[in-house]
Amino acid sequence: MGVVNVTPDSFSDGGRYLQAQAAIAHGLALVQAGAELLDVGGESTRSGAAAVAPDEELRRVIPVIEGLKGAGVPISIDTSKAQVATAAVEAGAVLVNDVTALQGDPAMGETVARLGVPVCLMHMQGTPRTMQAQPRYGDVVAEVRAALAQAVARAKAAGIAGDRILVDPGIGFGKTFEHNWALLKHLGRLRELGAPIVLGTSRKAFLGAITGREKPEDRAVATAATVAVAASQGTADVFRVHDVAAARDAVAVGHALRTA
């Protein structure tokens, strides 16, 4: 899953693809590099990021989705707003990626069910504004698994079919350095939820902490290492990344090791 941030303030590439034509060109380049899915988002969810009004979010993402719908791969809309999800699907998106797991907008669950598209439910402790203040868990793996189980139940209660639900442990979203590594090490425990697992480690700060790479764009190798490990263990189904070519190579290595 290639990331297309149409934002001025995303942690990794904020502002680089804010203009629609730049974002479209970037999305096409990601497809050329091997992306099999594009995730378009118009609101940064980095730690401390400010909220974006629905009209502004729509202004950012709709032209990009329309410009990429002929790229030959499915498009995901990264949003927690039902209004944005509806317009994005009408424009060509076929998956809703909601970092709030349907809790950010009371209408989101019923909206996704009505649209008939799959949804990715991500775990986050707090909100993007508060999540890294003081994240605490007794057993982070058990608690994330339980929260995602509740999210899956919430989605089904809203009318979303079970085979249209994906889950994401939310690496870096309300987790400390130690929490992130524990989740990666025990990611397979989320298989008990019976849903495909989306993993988003790409360029994140916990990788910079162990490599000394201060700039997010310098963390492609560390990202690829996490992808290779998860692929070798069969603990993730979708990898959400900025550096698609490196991640594809990592997936190939991981799969080869797993099936050797």
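The values are calculated or read from the model by the stated rules, or taken from the named source; none is laboratory data. Keep in mind it's a predicted model, so treat the numbers as computed, not measured. Virtual Cβ from ideal backbone geometry, glycine too; neighbours counted across all protein chains shown.
So for the stretch 213-233 (the condition being touching a residue at least 40 places away in the same chain (Cβ under 8 Å) and either outside any helix (DSSP H, G or I) or in the same structural domain as Val96 (by TED's automatic domain parsing) (or both)), does at least one residue qualify?
no
Can you spot a residue in the stretch 80-89 that is outside any helix (DSSP H, G or I), free of Cβ contacts under 8 Å to residues at least 40 places away in the same chain and either at positive phi or touching a Pro at 6+ places or on another chain (Cβ under 9 Å) (or both)?
Yes, the stretch 80-89 has at least one match.
Return yes or no: is Ala33 buried (at least 18 other Cβ atoms within 10 Å of the Cβ) and either in contact with a Pro (Cβ under 6 Å, 6 or more places away or on another chain) or at pLDDT 95 or above (or both)?
no
Give me the residue from the stretch 119-134 that is in a loop (DSSP other than H, G, I, E, B) and surrounded by 21 or more Cβ atoms within 10 Å (Cβ to Cβ) and, out of that set, modelled with the lowest pLDDT.
Per the criteria, the residue is Met131.
Need the failing condition index for Pro63 against (1) surrounded by fewer than 21 Cβ atoms within 10 Å (Cβ to Cβ); (2) assigned to a loop (DSSP other than H, G, I, E, B), just the number.
All conditions are met except number (2).
Hey, among Asp39, Asp105, which residue is assigned to a loop (DSSP other than H, G, I, E, B), in the same structural domain as Leu148 (by TED's automatic domain parsing) and touching a residue at least 12 places away in the same chain (Cβ under 8 Å)?
Asp105
Filter the stretch 135-171 down to the residues that are surrounded by 15 or more Cβ atoms within 10 Å (Cβ to Cβ), over 18 Å from the mean Cα position of the chain (by Cα) and in a loop (DSSP other than H, G, I, E, B) and list them by number.
Pro135, Tyr137, Ala158, Ile160
Filter the stretch 173-194 down to the residues that are without any contact (Cβ under 8 Å) to a residue 60 or more places away in the chain and part of a loop (DSSP other than H, G, I, E, B), then identify the one that is surrounded by the most Cβ atoms within 10 Å (Cβ to Cβ).
Lys175
Among the residues of the stretch 64-79, what is the count of those that are without any contact (Cβ under 8 Å) to a residue 60 or more places away in the chain and closer than 21 Å to Val112 by Cα?
Total meeting the criteria: 9.
Kindly evaluate Asp237 against the criterion of being among the charged types (D, E, K, R) and either in contact with a Cys (Cβ under 8 Å, 6 or more places away or on another chain) or touching a residue at least 60 places away in the same chain (Cβ under 8 Å) (or both).
In short, yes.
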